[in-house]
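Report on one structure; see the data block that follows.
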Amino acid sequence: LHLSGPGARGHARLGRSGAVAQPAAEEPGEDAEVGTRKKTFAEVQTERLNQAERTVLIKCPSKVHEKKLLQYLSSHGNVKSHFFFENRGINALIEFSEKSSIASLQDAVGIPSASEHHVVPFKSRLFTFTLKNPVSQRIEETPIHLSPQCHIPVKDLIEKLCLADNISSQMYILLNEYQLTEENIKLRFLACSLVRDFACAYFPDSTVKPFGSSVNTFGKLGSDVDMFLDFCDTGKHATKMKKGPFDMEYQMKRLPSERLATQRILSVIGDCLDNFGPGCANVQKILNARCPLVKFSHQPTGFQCDLSVSNSIAIRSSELLYIYGCLDSRVRALVFTIRCWARVHGLTNSAPGTWITNFSLTMMVMFFLQRRSPPIIPTLDQLKELADEKDKHIIGGYDCSFVSDLRKIKPTKNTETLEVLLCEFFEYFGNFDFRRNSINLRKGKEVNKPESSPLYIWNPFEQDLNISKNVNQPQLEKFIAMARESAWILQKEDKTQQMINKEPWGLAALLIPFGKSNSSKMKNRMKGIGSETIRSLLDSLKLNNANSQQKAVGK
Ligand code: CTP
Ligand code: MG
């Protein structure tokens, strides 16, 4: 057995992991993660960050002897958990019970011999594991289990959806296929923890934490990791010094603005990752953006990463979405469905532009859920009412307080099925008066637009910011047209007939790009018809559909 620090790196294709048994579809009340998700956002973050610090990543030979690897590692301490995944070859994520095991392991591993390349002697927690004499060592026959780190292609998803019983189950199947796995979450926190090792070289007290969809319960396999550098101790030190008869403070470099400090810090850490970070590639410093950041691809974990400096408001929105995502199992299923639908129809795009972002789309779903009767999730003002002293957060003059303890929030009395919610979502936004109204999650009400952006979604914490300012009129119109078309498809469809014809039905039918001719037909159909007319038309179709389904059941 031979372990070495990251040396020559293979450039194998970033492949999909092997087939793995999929968990059963998530249904309300059957969520295995409920136990963890009821914890507060801060508790989950602390636990995960702590876990990541006890974790290492090992690149393995293609035929790895699992038992021997674990046996070797256990000589440095107890291995608490581990899994294998494919990313430019086979990799193992190893979580030790104690952080000290890592130092012990680091002491024992070698430095790669620099025959062709010169190595930068930065000792990370990324190792390469090779067999000293592969021929003489018998490889065990049982293949190792590879944990998938990306979701199945839409084509395969559609096939799976067609086997479901109803649209609600289809939505839970989609959620199960796309949501982050326990393993993927561990890998995301490890990526942050590895970046932290660099940041700590300059700022020993700093931490690197994920935010955005990696932690807000709406992350999908394959999405980027948003991370920020946090100098969490600055506030604490200020209060410490107030006590006692003396006043003592650090001498620190003073700069004319916070922005400049942020840019300088990111610039240096970006250079550090670029020059010395094992597997950090395509490092791009985007320091003039509204929120300065460093983009890079972290090859050992396979993630595209965005590193910024502590943005307290973005963290509050991550926690707010976390709370909404934990409150009711329908919330996440609906968001994942809408996000997937939007991606298929080109309403969202991974490149920045004038289209709606996943973040805006998620906020629109939250708003819709606040508008149900009875509401499925509370407004932000209601969550603020429930906040206690420790939940108080005033950031840059804005009151960003809301309750963190999920148990204080009363469960909803709303019992609508996901199927109904999906259809109503399309109808609601297909008929929303975007010209006049804006979306305000704090009040849970449509309010007059304060300015003329086509789509106005209030930033829940910085009340004068529109989170969807980038969206232009054509993109908004495309969204409205697609929503109307989707409502129409769901209402008119005859599931039984489609199943007999082996045609995609329900959600599956919505995830197939609508033909061009079809969509222009749709526009004509909708032109000049008032929403009431549409509603009654759709209701009559709903009745017809229910009748035909009933007939089919009776047969
Ligand atoms: N954010 C924000 N205001 C915006 C855009 C983003 O406050 N106009 C914050 C949100 O907290 C968001 C995070 O930055 O969750 C990350 O942004 P982004 O990566 O665009 O969204 P995600 O929620 O991470 O979604 P995705 O899965 O598409 O990355
Ligand atoms: Mg993101």
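Normalised by 2.2 N^0.38 Å, with N the number of residues, the alpha-carbon radius of gyration of the stretch 220-338 equals 1.38. Placing a label point 7 Å from the Cα of Lys38 along the Cα-to-Cβ direction, none of the residues of the stretch 148-179 has a backbone N under 12 Å of that point. Protein-only accessible surface at a 1.4 angstrom probe places the residues Lys186, Lys384, Lys123, Lys413 in the order Lys413, Lys123, Lys384, Lys186, largest first. The Lys392 and Lys99 beta-carbon pair, evaluated with R₀ = 51 Å, returns a calculated FRET efficiency of approximately 0.95. Charged side chains reduced to their Cβ positions (Lys and Arg at +1, Asp and Glu at -1) give the stretch 39-137 a dipole of some 180 debye around its Cα centre.
Think of the stretch 395-461 as having a plus end and a minus end, set by charges on the Cβ of Lys, Arg, Asp and Glu; of Tyr398, Gly444, Pro411, Tyr398 sits farthest toward the positive end of this dipole. Since only Pro256, Val208, Gly325 are under comparison, the one whose Cα sits farthest along the positive direction of the charge dipole of the stretch 187-330, derived from C-beta charges on Lys, Arg, Asp and Glu, is Pro256. Report the FRET efficiency, 1/(1 + (r/R0)^6), for Asp247 and Thr142, where r is their Cβ-Cβ distance and R0 is 45 Å, rounded to 0.05. Working from the Cβ atoms, E equals 0.10.
Taken one residue at a time, the phi angles of the stretch 321-332 give Karplus couplings (6.51, -1.76, 1.60, θ = phi - 60°) of 5, 4, 4, 4, x, 8, 5, 8, 5, 6, 4, 5 Hz. Gly and Pro are set to x. Put Ser317, Ser329 in order of accessible area, highest first, and with a 1.4 Å probe you get Ser329, Ser317.
Averaging the Cα positions of each part gives two centres, and for the stretch 287-312 and the stretch 43-111 these lie 25 Å apart. Ligands, DNA and RNA excluded, the heavy atoms of Arg88 present near 60 Å² of accessible surface to a 1.4 Å solvent probe.
The share of Cα pairs per 5 Å bin across the stretch 274-411, counted from zero up to the longest distance, runs 2, 8, 14, 16, 16, 16, 13, 9, 4, 1, 0, 0 percent.
Farthest toward the positive end of the dipole of the stretch 334-464, out of Phe368, Leu386, Phe434, is the Cα of Phe368, where the dipole comes from beta carbon charges about the Cα centre.
A probe of 1.4 angstrom, applied to the heavy atoms of all protein chains, finds Asp306 with accessible area near 20 square angstrom.
The values are calculated or read from the model by the stated rules, or taken from the named source; none is laboratory data. No experiment lies behind these values; they were computed from the predicted model shown. Virtual Cβ from ideal backbone geometry, glycine too; neighbours counted across all protein chains shown. In case anyone asks, the SASA skips ligands and DNA or RNA and just uses the protein heavy atoms, side chains included. Shrake-Rupley method; radii C 1.70, N 1.55, O 1.52, S 1.80 Å.
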